[in-house]
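Nothing in this text is a laboratory measurement; each read-out follows from the coordinates by a stated rule. Just so we're clear, the structure is a prediction, and the values are computed from it rather than from any experiment. With ideal geometry, Cβ positions are generated from the backbone for all residues, glycine too; neighbour counts draw on all protein chains shown.
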Amino acid sequence: MGQLPLSGVRIADFTWVGAGSYTTKMLADHGADVIKIESSAKVDGIRLSPPFKDGIRGVNRSGYFADRNSSKRSIAINLKTAQGRALAREIVAVSDVVANNFTPGTMASFGLGYDDVREINPRAVYLAMSMSGDSGPERDFLGYGLTIGALVGIHHLSGLPGREPAGTGTNYPDHIPNPCHSAFAVLAALRHARRTGRGQYLDIAQTEPTIAVLGPAFLEATVNGRDPQPLGNGHLRYAPHGLYRCAGEDRWAAISVTDDRQWPALRSVLGLPAGSCPQEWATEAARHRDREALDEVVAAATADRDAHDLCARLQAAGVPAGVVQDAADVVERDPQLRARGHWVRLEHPEMGETLYNAPPFHLTGTPVTLTRPAPLLGQHTREICREVLGLDDDEIARLEAEGVLT
Amino acid sequence: MTEGALAGLRVLDLSGPLGNYCGKLFAELGADVVLVEPLGGSALRHQPPFAGDRPGLERSLAFLYQNTSKRSLRLDLEHPDGRQVLRDLAAGAALLLETDSPGRMAARGVGHAELSSINPALVTTSITPFGQTGPYAHHEASDLVCLAMGGLLYLGGYADGPPVQAGQQQAYAAGNLFGAVASLLAVTAAETTGRGQHVDVSVQESVVMGLENAAQFRDLEGRIRRRTGGRQWRAGAGVFRCADGYVYLLAGGIGGNRFWPNLVDWLAGEDVPRVDELRGEQWGEREFVEAEENRELFAEVFLPFARGRTKAELYRDAQKWRVPLCPVARPSDILRSAQLRHRDYFVSVEGPDGRPAVMPGAPYVLSETPWRLKSRAPHLGEHTDDVLRELGYSTERVVGLRKAGVI
């Protein structure tokens, strides 16, 4: 493998569960040496979250964990012991980034708060990703992606008008807004550290990045004086714009006409003769005004069609359309994702050959090939003790026997 | 004032909905971001909602949000002189951001290969619905189509209805965000090695990153995850109605059922009837809490209690007992959040019609190199002259370009 953008960067990774681990995955996949510091005394909850290889629960069998932890190494250190905390401090001393997503104060209780770290390593970029940030009346509150999604508005804004909100169905902030904003901030802070030799403290609430990707909704409230409501599958300007049921069980086509020239093309693929729709539907404004009636016409015309065939014909005619793909479509059938090499299968010591996301982008000049699956809990303890901490085998054996390396 | 972490980087943002937020992230950490817009204005200027619901080039709320802290250069890239201006700009830029169909920039003679012959350290980031390569590279898409093809749409919505999209264009958000990370990775490499590169970002794949564990469920357990919105999917997990709206309760946390005892203690402390029925080891077992009769039992105990309290009261009390519960907040609730006010999260700029426009501010707090809002979104072509003068263009040359309709 050639030089990657983060080759030579070391990360002391105390993150766990969702957003934190996904942040450091991005950095690990691009060459950083990410040392995941964890312990069987307090197992990362996501190691015990389904799905499990063959449905059998185990700390080294979760696919949810595995995908978030590719390319990392794991050292088991019990931070409840004084010697364990001392070892963690030694790793921190030789790291470029120190990352955690605990509630504020937890790292300080290990002697690893920002003030402690700055003293032993002033170059370190210290990433803290607590739920509400390290200040304010809700500083100590706790939450997960799902509850945070509710707190920041994405849950309310996703649903059918007039029904209870539906949300994204996932811990959305954990997977896209929080890890991406965090990784971006770390990369920026690393640049500053390269240029000045100075580290800094990154206080990233797990609420604020998701609110940031809903910006226009807040301007609707403050400029136009109204609370935006969920749009179902609609759009403020385009019509038709929605999901249309196709043949088969739970099969849907997503269709958006984003340009008046696409309207006759859509009609032609759907077999709707010119006379079957009002003339004025030639313009976007009229289609949008009549969108409910329009949706019925389109839905009637798609009901017996095969979703894949229909979307292929619409694309050939220049109409934006795509199948609402389920996990099997995305993983096993989508020819685009296959051509892009999005899915990678890595051989894991306990899970065997299993599925991972490659990065959703290609750095064509410094291409990445994922090779390292998620680590077993403590898989690299001895290796890291030798290489990074400079311990000999006797010392390692003693620390294992005393319950420090566990 | 401290320099931003990205000070000294010049970014050319030729994008629209797929890249403008990415450019904003660079701008507000200190990069000098120039929006290079076609004569009719960038695509996002034409997207609703508009201030006062009146369309206009300076009235799109999405544009006004995603382009703060940038300058605007109006430039006709269909004109050879316009392309020369872009080449001159690219000579001093670290990053060029574009979201045209694959091959369009190269066809104009300003693709990455040509620009990097002028500036070998230049990073060009292309964010497109399906990426630069593969059988769908030239497919047409919208945010909805990307969300569908990435598999996230299938997970949203109600068990008894169609899938429902995530609000506020989250497929495009994902493309912008992964595009920003990818761009800064490439800039990192360029600053170390002197060599730029072409970065190829797929919005579809960026959406796939949000599937949580759905792909692994398919791979490891052979199950297809389906949508569960609007219902309690596990005892104590889901949306519950209260006095003034809804709250989201996740008593289990992630893995195990960590907070269940806290929840029961809270309800017992409030003298909630039948709370004793929620006690016992069995409430820590996945099969038990997923069973319909136990979900119903929980709802029978919890809902009458929640109905008498507001979402703010439930949030405050639940957190006191260390129970992960949050309000299902609306934007107007969030604008009033005491927490966000304490952190000075929202910022105000001059909006259309001279009225203040309040919007989200720093998505992160950097202690040494703070996030900084530099200015409201630029008017179309507001900085054309400034940018060209900095490039060393003479007044005559600028006048000539303007006469020729290039700027």
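Take the Cβ atoms of B:Arg87 and B:His379, set R0 to 30 Å, and the FRET efficiency comes out at 0.75.
Centroid-to-centroid, using Cα positions, the range B:76-122 and the range B:352-395 are 22 Å apart.
Centroid-to-centroid, using Cα positions, the range A:302-346 and the range A:1-59 are 31 Å apart. Put a dot 7 Å past the Cα of A:Ser7, heading toward its Cβ, do the same for B:Phe288, and the two dots end up 5.4 nm apart. Got a sec? Which residues in the range A:215-245 would a label at A:Ala285 touch, if it sits 7 Å along Cα→Cβ and we count backbone N under 18 Å? Label zone hits: A:236-240.
Sorted by packing (mean other beta-carbon atoms within 10 Å per residue), highest first, where do B:191-202, A:281-292 land? Walk me through the intermediate numbers first.
Values: B:191-202: 21.5, A:281-292: 15.7.
Ranked by mean Cβ neighbours within 10 Å, highest first: B:191-202, A:281-292.
In the range B:54-147, if the dipole is taken from +1 on Lys/Arg beta carbons and -1 on Asp/Glu beta carbons about the Cα centre, which of B:Ser69, B:Thr125, B:Leu147 is farthest to the positive end? With unit charges placed on the Cβ atoms, the residue in question is B:Ser69. Among A:Leu363, A:Cys385, A:Gly403, flag the residue with its Cα farthest along the positive direction of the charge dipole of the range A:361-406, charges on Cβ as +1 for Lys/Arg and -1 for Asp/Glu. Result: A:Leu363, furthest along the dipole toward the positive end.
Pick out the long, greasy-scoring helices in chain A: whole DSSP H runs spanning 20 Å or more along their own axis by Cα, mean Kyte-Doolittle at least -0.5. Mind dumping the intermediate values first?
Working: long enough: A:177-196 (28 Å, -0.10).
Sorted by number, the helices that extend far enough and score high enough are A:177-196.
Using helices alone, what [θ] at 222 nm do you get for chain B, with -39,500 (n - 2.57) per DSSP H run of 4 or more residues, divided over all residues and rounded to the nearest 500?
Values: 16 runs with 142 residues, N = 407.
Rounded to the nearest 500, it is -10000 deg cm²/dmol.
Using alpha carbons only, how many degrees (0 to 90, rounded to 10) separate the axis of helix B:80-91 from the longest principal axis of chain B? Between the helix axis and the principal axis of chain B, the angle is about 70 degrees.
The modelled label-to-label distance between A:Ala316 and A:Arg398, using points 7 Å beyond Cα along the C-beta direction, is 7.5 nm. About its Cα centre, the dipole of chain B is roughly 540 debye, where the only charges are +1 on Lys and Arg Cβ and -1 on Asp and Glu Cβ.
How many partner chain Cβ atoms sit within 10 Å of a residue's Cβ in peptide A:36-47, on average, as a whole number? Write out the running numbers ahead of the final one.
On the way: counts 0, 0, 0, 0, 0, 0, 0, 2, 2, 6, 3, 1.
Neighbouring Cβ atoms belonging to other protein chains average 1 per residue here.
Peptides A:47-55, B:47-55 ordered by packing proxy, namely the average of other Cβ atoms within 10 Å per residue, highest first: A:47-55, B:47-55.
Rounded, prolate or oblate, given the Cα gyration tensor of the range A:1-71, with a/c below 1.5 counting as rounded?
Because a/c hits 1.5 or more and a/b exceeds b/c, the range A:1-71 counts as prolate.
Using the beta-carbon distance between B:Asp53 and B:Ser348 and R0 = 25 Å, what value does 1/(1 + (r/R0)^6) give for FRET efficiency, to the nearest 0.05?
It comes to 0.75.
Against the main long axis of the alpha-carbon atoms of chain B, helix B:292-307 sits at an angle near 80°.
Rounded to the nearest 500, what is the 222 nm mean residue ellipticity of chain A from helices alone, with -39500 (n - 2.57) per DSSP H run of 4+ residues and division by all residues? Don't jump to the answer; show the numbers that get you there.
On the way: 17 runs with 144 residues, N = 406.
-10000 deg cm²/dmol, from helical runs alone.
The stretch between A:Glu383 and A:Asp54, if pulled fully straight at 0.36 nm per residue, gains 115.5 nm over its current Cα-Cα span.
For B:Glu281 and B:Arg341 in the same chain, what is the full-extension length gain: residue separation times 0.36 nm, less their Cα-Cα distance, in nm? Could the numbers behind the result be given before it?
Numbers: separation 60, 0.36 × 60 = 21.60 nm, distance 4.14 nm.
Result: 17.5 nm gained on full extension.
Would you mind giving the mean number of other chain beta-carbons within 10 Å of the Cβ of each residue in B:235-241, as a whole number? Don't skip to the end; give the middle numbers.
On the way: counts 0, 0, 2, 3, 8, 1, 1.
That works out to 2 on average.
To the nearest 10 degrees, how steeply does helix B:311-320 sit against the main Cα axis of chain B, on a 0 to 90 scale? The two axes meet at around 70 degrees.
Could you tell me whether the range B:168-316 comes out rounded, prolate or oblate from its Cα gyration tensor? Rule is a ≥ b ≥ c as square roots of the eigenvalues, rounded for a/c under 1.5, then prolate if a/b exceeds b/c, otherwise oblate. Please report the intermediate quantities before stating the final value.
On the way: a/c = 2.91, a/b = 2.25, b/c = 1.30.
Cα axes put the range B:168-316 in the prolate bin.
Mind checking the mean number of beta-carbon atoms from other chains within 10 Å of the Cβ atoms in A:200-210?
Working: counts 7, 4, 6, 6, 5, 8, 0, 9, 10, 5, 4.
Shielding by partners across A:200-210 averages 6.
Please compare each pair in A:Lys42/B:Lys24; A:Lys53/B:Lys320; A:Lys25/A:Lys53; A:Lys72/B:Lys70; A:Lys42/B:Lys311; B:Lys70/B:Lys403 to a cut-off of 30 Å on the Cα-Cα distance and tell me which ones are over it. Distance filter (> 30 Å) returns A:Lys42/B:Lys24; A:Lys53/B:Lys320; A:Lys72/B:Lys70; A:Lys42/B:Lys311.
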